[in-house]
Amino acid sequence: MNKKTVKDIDLKNKKVLVRCDFNVPMDEEKNITDNTRIVAALPTIKYLIEQNCRIILCSHLGRPKGEVNNKYSLEPVAKELSKLLGQEVLMAKDVIGEDAKKLSENLQPKQVMLLENVRFHREETDNDENFAKELASMAEVYVNDAFGTAHRAHASTAGVAKFLPAVSGFLIEKEINFLGDTLQNPQRPFVAILGGAKVSDKIGVIDSLLEKVDTLIIGGGMAYTFFKAQGYEVGNSICEIDKLDLAREAMQKAKDKGVKLVLPVDTKVGKEFKPDTESKVVKCTEIPADWEGFDIGTETIKLFAEEIKNAKTVIWNGPLGLFEFEQFAVGTNAIAQLLAQIDATTIIGGGDSAAAVEKAGLADKITHISTGGGASLEFLEGKKLPGIECLLDK
């Protein structure tokens, strides 16, 4: 982390624009169902209040595709933040319009305001220079604390850094330190667990991790592509026929590097894609033609557990089954339970695996849960993240 943080510059009495990641889940009545990402932003916001700053927060929510849509308004976030901070967070009716500008001009030291959803403007995702300039014109310093969108070069994540001195908040600093240190100097044995549906989403990560880990465990939907690559029948299971060569290359690379590549040995298959479908556990080499693999089986859970038990560092990204359906969440939950018990540095790379751990009530027993699924994947891949690249160097 050779980038400047809020601690590295004088912020006293400054007007600060902070990019947060308030992309939180809500129910039909617009009640926030999980406020983890809002809570994660508090240390930076509180520090800025202590520095007597006037604070302008911005974020996206959902995918409104450049159009104003009340369904994606950040108003519920402003209410939740007000509760958590114990002070009113002013809500702007727009992003760079009259209301936002008026509110920002009248901001007093220690006051906090929130701009409306930046993705109500198509210019946000286009990283439009004029839009970024307008955003930047409201403040004197830019702080990026949205790790979840750091892999996107958008106006509010990277563009504004052209016009303001830019530093990171505590959340980004923590993410980079955790993920970076783990990859650079892991305690060994170092085990990575990769799940999720597609090999294509993870091929760069597989490649990068094979250079670093002692054991790579593969589960989830993408395991079926590996079975197919070995000539096994996978029935109706998710399988990327055009990625069979990549799967074979990964298996060969693991062999060449002396990395143990562990695949499931049995799988829980279902008749159809529904929560209460008929199901059974079969060997991975014996998946019936008209059935579909939805979870790892009991023997696989034991096999994976053997590898994980002795690990000193574990990184996990992607669920090991269709965890949204209870009968196919068994494998994912078993591995989450195990990670909560072992004496090791355990890191969950955001997204669905983080949701699974939260759902199982085990979040507080994991060393670090990343707030960014896509960002943590690209970081593990060794890619440069635009939202971090644009910050000032120490």
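The values are calculated or read from the model by the stated rules, or taken from the named source; none is laboratory data. The structure presented is a predicted model; accordingly, all values stated were derived computationally and were not measured. So basically every Cβ, Gly included, is an ideal-geometry build from the backbone, and we count neighbours across all protein chains shown.
Surrounded by 20 or more Cβ atoms within 10 Å (Cβ to Cβ), in contact (Cβ under 8 Å) with a residue 12 or more places away in the chain, at negative phi and not in a helix (DSSP H, G or I): is that true of Val77 in this structure?
no
Return yes when Glu307 is closer than 13 Å to Ile217 by Cβ, out of contact with any Leu (no Cβ under 7 Å at 6 or more places or on another chain), in the same structural domain as Leu194 (by TED's automatic domain parsing) and touching a residue at least 12 places away in the same chain (Cβ under 8 Å) and no when it is not.
yes
Which one of these is free of Cβ contacts under 8 Å to residues at least 60 places away in the same chain, touching a helix residue (DSSP H, G or I) at 6+ places or on another chain (Cβ under 6 Å), of a type in the set (A, V, I, L, M) and under 26 Å from Gly231 (Cα atoms): Val269, Val265, Val282, Val259?
Val265
Against the definition (assigned to a loop (DSSP other than H, G, I, E, B), more than 23 Å from Ala92 (Cβ to Cβ) and among the basic types (Lys, Arg)), how does Lys202 come out, yes or no?
no
Search region 283-322 for residues being buried (at least 21 other Cβ atoms within 10 Å of the Cβ) and charged (D, E, K, R), and hand back the single one that is farthest from Ile366 (Cα to Cα).
Glu292
Can you tell me which residue within region 323-348, out of those that are crowded, with 21+ Cβ neighbours inside 10 Å and touching a residue at least 60 places away in the same chain (Cβ under 8 Å), is nearest to Gly180 (Cα to Cα)?
Among residues in region 323-348 that are crowded, with 21+ Cβ neighbours inside 10 Å and touching a residue at least 60 places away in the same chain (Cβ under 8 Å), the one nearest to Gly180 (Cα to Cα) is Ile347.
If I filter region 112-152 down to residues being hydroxyl-bearing (Ser, Thr, Tyr) and more than 19 Å from Gly66 (Cα to Cα), which single residue comes out as surrounded by the most Cβ atoms within 10 Å (Cβ to Cβ)?
Going through the qualifying residues, I end up with Tyr142.
Would you call Ile203 under 19 Å from Val314 (Cβ atoms) and out of contact with any Ser or Thr (no Cβ under 8 Å at 6 or more places or on another chain)?
Spelling it out, it is not the case that Ile203 is under 19 Å from Val314 (Cβ atoms) and out of contact with any Ser or Thr (no Cβ under 8 Å at 6 or more places or on another chain).
Of everything in region 223-234, what is crowded, with 19+ Cβ neighbours inside 10 Å and either small (Gly, Ala, Ser) or touching a residue at least 40 places away in the same chain (Cβ under 8 Å) (or both)? Give them in sequence order.
Once the filter is applied, which keeps residues that are crowded, with 19+ Cβ neighbours inside 10 Å and either small (Gly, Ala, Ser) or touching a residue at least 40 places away in the same chain (Cβ under 8 Å) (or both), region 223-234 yields Ala223, Tyr224, Phe227, Ala229, Val234.
Hey, does region 56-63 have a residue that's buried (at least 24 other Cβ atoms within 10 Å of the Cβ), of a type in the set (Ser, Thr, Tyr) and within 15 Å of Lys79 (Cα to Cα)?
Yes.
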